[in-house]
Amino acid sequence: MENHPSYFGFITAEVRYDADLTGDEKILYAEITALSNKHGYCYASNDYFAKLFSVTDVTVSRRLKKLKARGYINITYKRNGTVVTNRKIYPLTQTITAVNNTDNGPLTDEATAVNRTVKENNITSNNITKNKITNKEHERFEDFWNLYKKKKKRPQAIRAFNTAIQNHSYEDIEKGVVSYLKSIKIGDERYQAHPATFLNNEMYMDDHDYIKGNLYESSGESAPGDDDFLNGL
C-alpha cells in the first residue's frame, strides 16, 4: 500500500458550505491542506492528484482553477523559459504561522503554514482561521471596496485582496481598478467582474480600453496620479 502523509486534512466552514464547489473540489482542498502541513505549501503535481483520486490531469487542473478562482488557494510557479520547474499551492484560509521545527523543512518568506505545535497534527491544532490583514491593509481594502463599486462576496474579496497586496502595491491595484472601470460603459454593470475575480485574476495589471460614458467618470471621482489617463486620446 502506498504511503501517504499522516497529517490531518481540513475543510474550513467557508469551503464546506460553498455551494459553488463540488464535493470533489472540497476533498481536493482538504488534501492540499494536509500536504501543506510540513512546509506551509503543497508541491504535489497534477499527476499525483490524478492518480490519488482516479481522475485525469485535466480534471485536476479544472478543480485547482476553481479553488483558486474562489479564493481558497494561491499558486506560484518557477519557470525555466516556458517550462514550469516548480509549483507551490498555498491554502489561503489557514493561519499564517511559520513552522519552527527544524525537521519540518525550510521556511520561506511566502509560506502560509498551518498553525502547529508538534510535527504530527493533533486535535488541539485543528483551529484554523482566515488570513488576517493589518489595520493598514484593512483600510486599503475598504478604499478598494468603495472604489470598485460592485459589492459582491465580500469575504472572498478580502481574501483575494490580502493575496494581491502581498504581490503588488496598492497604487498599482488602484490604478488598475480605475482603468478597468473606465472600460465599462454605463448600463453594462452586469459585465463587471466580481471583486474577488478581478483580484484573483490580477485584472488590475491588464490593459483596458477607454470607453466614453464609463462607470468611473460618471461617479465624478478621481484617483491619485490619474490626471494623465486620457492623454493622447
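If the limit is 22 Å between Cα atoms, which of LYS149/LYS175; LYS65/LYS149; LYS26/LYS150; LYS51/LYS88 go over it?
Details: LYS149/LYS175 15 Å; LYS65/LYS149 26 Å; LYS26/LYS150 27 Å; LYS51/LYS88 19 Å.
Over 22 Å apart, Cα to Cα: LYS65/LYS149; LYS26/LYS150.
How far apart, in nm, are the 7 Å Cα→Cβ label points at TYR48 and TYR191?
Placing both labels 7 Å along Cα→Cβ, they lie 4.2 nm apart.
Using a Förster distance of 30 angstrom, determine the FRET efficiency expected from the C-beta separation of ASP209 and LYS151, and round it to 0.05.
Numbers: r = 25 Å, r/R0 = 0.83.
Computed FRET efficiency for ASP209 and LYS151 comes out at 0.75.
Go ahead and run the numbers for FRET between GLN166 and LYS78, Cβ-Cβ distance against an R0 of 30 Å, rounding to 0.05. Write down the numbers at each step before the final one.
Details: r = 17 Å, r/R0 = 0.57.
It comes to 0.95.
Computed from the coordinates by the stated procedures, all read-outs in this text should not be read as laboratory data. As the structure is a computational prediction, the values presented were derived from the model and not from experiment. As a convention, Cβ positions derive from the backbone with ideal geometry for all residues, glycine included, and neighbour counts pool all protein chains shown.
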